[in-house]
Structures are given as structure tokens and as C-alpha cells.
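Visitor: My questions all concern the structure below.
The values are calculated or read from the model by the stated rules, or taken from the named source; none is laboratory data. Fair warning: this is a prediction, and the values are worked out from it, not measured in the lab. Don't worry about glycine lacking a Cβ; one is built from the backbone with ideal geometry, like all the others, and counts go over all protein chains shown.
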Amino acid sequence: MAETILEIDNLTSGYQVKQGRVEAVKEVSFKLGSGEFLGIAGESGCGKSTLAYSILKLLEDNGQIFSGSINYGGQNLATLSDKAMKKVRWSKISMVFQSAMNALNPVITIKEQLLDAMYAHRPGLKEKEAIARAKELLELVNITPDRLYDYPHQLSGGMKQRIMIAMAMILQPDIIIMDEPTTALDVVVQRNIIEKIGDLQEKFGFSIIFITHDLSLLVEISDRLAIMYAGRLVELGNAEEIYKNPAHPYTEGLMASFPPLVGEIKEVGGIPGKPPDFFKLPTGCKFEPRCPYAFARCKKENPEFKSYDSSGRLARCFLAGEER
């Protein structure tokens, strides 16, 4: 892997609610390489978005990082003050939020929204230079510069999503986190946006953490895949290897839940049951109640997240590397 630019070490984060503490992200560790495309997949409620918001310390008021570290640029972001963190957000690590419709302010123009981001981090920037930069970014995402003066409601869903990508790139960050950026878009627009993201990454060399519930979307664009379940990583490794031979039954189930975009037609399956209640997690393997391969040990012991072959792939399963 390329030089490490971000390292998450044993991160646990979540929310304080009436019933107690919800650990939506539990003891998560991984490294992100410079220029790497890391895909994170899992069902809704598995902790993907909480992980993203934890990295940027954008959790809700009742959200909190309970333990662990987020190491970037020689400092632990988990312990940074709000003032220090503002210097990191957008200029070093930026984010494309889940819903462009909600992320864009409906009552101000695209120009104002793009320029606000630049002025917040480059207070001495002249308006002429800021507008030129904004127009340059729009052209990079295949939107004509005259759209700078439009309001969000005048743009299509795909255009709004590309505006959000332009906004995330406007200060040339090292890392862009994309939280389900193609949700609610049709498959043709999804494909166009994914291709555009790939082109921009190749041109500018930034690292990407791409979060989605659609594993089929990630396979052909990611360098590595991380699979989350019940707040934990259950598999991590080379995207192509995981696609060809998933080590965890949950990954296998996710693969079977989406129709292939190319190749022969296959019957689409699914994963029985539903994600667990964070207040009633199984004592052993958290996936055991839904796993078709579960046996007695799975009910009692929670498998470690460890390497099981020479390639360095990691999985949280007693049967990892064995024929099922």
C-alpha cells in the first residue's frame, strides 16, 4: 500500500441516548494510503456514517468519540479542539454528504455556497480569484460555469451531486469522504458520477473513503474494501480478491443481494433476518443469528479481526480461509 495518510486505531464512537450508550462504531482500525480508494460497505445502521462523521468530528450533539485515535498529519484528530479541527475540515479532509438536496442551501446561489467555503479557510482571497476557482471546479465536474448563478432547485439531482463533489474539492484536500453520494440517483447517473470521481482522483491524486450500502457499486472502483456489521469491521482487503472469494458470510450475503451490472443473469438472494439491536447484541459473533454457517462456537465466542492468509486480508470469522 502507498504511504499512510490516515490511520484509525481502535476507534469506538457513538451516541448517548435515554437507554444508555450506543457504540455505533466499535474498535475499528484501518489505514488509508495516499491516493487510495477505500470502499466501506454494509447495511443501513451498521455504523458507516457514524465512522465518517467521527473522522471529521461532525457527530450530533449527543454523539461522542469514546476511545481510540484518528491520526492525520502527525496529530490525533479525536483529541483536537474545535478551533484546531476547523483548520483540518475542508482544507485537509472534506466530505460529500449523503443527500445533495439537503446539503445545499435552497435559498442561496451555487456561487455563494462555493465562495463561502473558500472565504472561511482563505480569508484574504479576492472575489475575482474565488469566482475563477469556482468556475474551474464546475467545469471539472462537467457543469457549465453559467450554472454558478443558479439556485439548487434549478439543477437536476445528478448536477447537485456533482456540485457537492466540486465543493469538497475546492480547497484541494488530501482526503475526501463520500457518504453514499449516489443514493436516490438512477443507475445511469450513478455510473456517470462514479466515472467522474475516478477521473478526478486520477488527475489530482487525493485519497477517497467511499461509503455505501451497495457493494456492487464499489467492487470495480475501489482499491480495497472494508465491510462493516453492527459497528465492527468484519472484512478488509483487496477489492478484487474479496469480490472473487469473500471470507465472511456477511460479505457473501451482501454480494448476493445485488444483481451484477455485467455478465450473465443470476438469481438475487438476500440475508435473512435484520441487523441487530445495539442494546441486545449477541454474546458471541454478532452475525451468528443470521449466518447460514454458524456453529456452536459462534454463539459463545466473538471471533477476532485478524489476518488469515499471506495476502494480509482480515476477517472476523472462525471459518475465514476455509471452504464453506
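Visitor: Which is part of a loop (DSSP other than H, G, I, E, B), out of contact with any helix residue (DSSP H, G or I) (no Cβ under 8 Å at 6 or more places or on another chain) and β-branched (Val, Ile, Thr), of Ile265, Ile271?
Guide: Numbers: Ile271 fails: out of contact with any helix residue (DSSP H, G or I) (no Cβ under 8 Å at 6 or more places or on another chain).
Selected residue: Ile265, the only one of Ile265, Ile271 that is part of a loop (DSSP other than H, G, I, E, B), out of contact with any helix residue (DSSP H, G or I) (no Cβ under 8 Å at 6 or more places or on another chain) and β-branched (Val, Ile, Thr).
Visitor: Still on this structure, I have one more. If you go through segment 263-277 one residue at a time, do you hit one that is of a type in the set (A, V, I, L, M, F, W, C), assigned by TED's automatic domain parsing to the domain that holds Thr50 and more than 18 Å from Cys46 (Cα to Cα)? Spell out the reasoning first.
Guide: Taking segment 263-277 first, the residues of a type in the set (A, V, I, L, M, F, W, C) are 265, 268, 271.
Right, trim to assigned by TED's automatic domain parsing to the domain that holds Thr50 and you get 265, 268, 271.
Next cut, more than 18 Å from Cys46 (Cα to Cα) only: 265, 268.
Yes, there is a match, as at least one residue in segment 263-277 is of a type in the set (A, V, I, L, M, F, W, C), assigned by TED's automatic domain parsing to the domain that holds Thr50 and more than 18 Å from Cys46 (Cα to Cα).
Visitor: Only one of Gln172, Gln161 is among the polar types (S, T, N, Q) and assigned to a helix (DSSP H, G or I). Can you tell me which?
Guide: Working: Gln172 fails: assigned to a helix (DSSP H, G or I).
The conditions single out Gln161.
Visitor: Go through segment 182-192 and give me each residue that's assigned to a helix (DSSP H, G or I) and not hydrophobic (A, V, I, L, M, F, W, C). Break it down into steps so the answer makes sense when it comes.
Guide: Start the filter on segment 182-192 by keeping residues that are assigned to a helix (DSSP H, G or I), which leaves 187-192.
Answer for segment 182-192, where residues must be assigned to a helix (DSSP H, G or I) and not hydrophobic (A, V, I, L, M, F, W, C): Gln190, Arg191, Asn192.
Visitor: Glu136 is checked against (1) over 24 Å from Leu51 (Cβ atoms); (2) touching a strand residue (DSSP E or B) at 6+ places or on another chain (Cβ under 6 Å) and fails just one. What number does that condition carry?
Guide: Of the numbered conditions (1) over 24 Å from Leu51 (Cβ atoms); (2) touching a strand residue (DSSP E or B) at 6+ places or on another chain (Cβ under 6 Å), the odd one out for Glu136 is (2).
Visitor: Would you be able to say whether some residue in segment 257-265 is closer than 20 Å to Leu215 by Cα, surrounded by 18 or more Cβ atoms within 10 Å (Cβ to Cβ), of a type outside the set (Ser, Thr, Tyr) and touching a Pro at 6+ places or on another chain (Cβ under 8 Å)?
Guide: Narrowing segment 257-265 to residues closer than 20 Å to Leu215 by Cα: 257-265.
In the following step, the residues that additionally are surrounded by 18 or more Cβ atoms within 10 Å (Cβ to Cβ) were identified as none.
Within segment 257-265, none of the residues are closer than 20 Å to Leu215 by Cα, surrounded by 18 or more Cβ atoms within 10 Å (Cβ to Cβ), of a type outside the set (Ser, Thr, Tyr) and touching a Pro at 6+ places or on another chain (Cβ under 8 Å).
Visitor: Please go through segment 16-35 and pick out each residue that is touching an Asp or Glu at 6+ places or on another chain (Cβ under 7 Å) and more than 17 Å from Leu233 (Cβ to Cβ).
Guide: Of all residues in segment 16-35, those touching an Asp or Glu at 6+ places or on another chain (Cβ under 7 Å) come to 29, 31, 33-34.
Scanning segment 16-35 gives a single hit, Ser34.
Visitor: Return yes when Ala256 is under 20 Å from Met178 (Cβ atoms) and of a type in the set (Gly, Ala, Ser) and no when it is not.
Guide: Numbers: under 20 Å from Met178 (Cβ atoms): no; of a type in the set (Gly, Ala, Ser): yes.
No; evaluated as a whole, the condition is false for this residue.
Visitor: Assigned by TED's automatic domain parsing to the domain that holds Arg224, touching a strand residue (DSSP E or B) at 6+ places or on another chain (Cβ under 9 Å) and in contact (Cβ under 8 Å) with a residue 12 or more places away in the chain: which single residue out of Ile208, Ile165 fits that description? Steps first, please.
Guide: Numbers: Ile165 fails: assigned by TED's automatic domain parsing to the domain that holds Arg224.
That would be Ile208, the only listed residue that is assigned by TED's automatic domain parsing to the domain that holds Arg224, touching a strand residue (DSSP E or B) at 6+ places or on another chain (Cβ under 9 Å) and in contact (Cβ under 8 Å) with a residue 12 or more places away in the chain.
Visitor: Among the residues of segment 236-251, are any part of a helix (DSSP H, G or I) and at pLDDT below 85? Break it down stepwise before answering.
Guide: Step one: list which residues in segment 236-251 are part of a helix (DSSP H, G or I), which gives 239-244, 249-251.
After this cut, where a residue has to be at pLDDT below 85 as well, the list is none.
No, the conditions are met nowhere in segment 236-251.
Visitor: Something else now. Check segment 290-309 and report whether any residue there is crowded, with 20+ Cβ neighbours inside 10 Å, more than 25 Å from Arg224 (Cα to Cα) and over 23 Å from the mean Cα position of the chain (by Cα).
Guide: Yes, there is a match, as at least one residue in segment 290-309 is crowded, with 20+ Cβ neighbours inside 10 Å, more than 25 Å from Arg224 (Cα to Cα) and over 23 Å from the mean Cα position of the chain (by Cα).
Visitor: Quick one: in segment 193-234, of everything that is in a strand (DSSP E or B) and among the hydroxyl-bearing types (Ser, Thr, Tyr), which residue is nearest to Gln98 (Cα to Cα)? Before the answer, list the steps.
Guide: We begin by selecting, within segment 193-234, every residue in a strand (DSSP E or B); these are 207-212, 224-229, 232-234.
From what is left, the residues that are among the hydroxyl-bearing types (Ser, Thr, Tyr) are 207, 212, 229.
Details: Ser207: 18, Thr212: 9, Tyr229: 19 Å.
It comes out as Thr212.
Visitor: Among the residues in segment 158-175, are any of a type in the set (Gly, Ala, Ser), within 22 Å of Lys48 (Cα to Cα), modelled with pLDDT under 90 and surrounded by 15 or more Cβ atoms within 10 Å (Cβ to Cβ)? Before the answer, list the steps.
Guide: Looking only at segment 158-175, we keep the residues that are of a type in the set (Gly, Ala, Ser), and these are 158, 166, 168.
Cutting the leftovers down to within 22 Å of Lys48 (Cα to Cα) gives us 168.
Next cut, modelled with pLDDT under 90 only: none.
No; the residues of segment 158-175 include none that is of a type in the set (Gly, Ala, Ser), within 22 Å of Lys48 (Cα to Cα), modelled with pLDDT under 90 and surrounded by 15 or more Cβ atoms within 10 Å (Cβ to Cβ).
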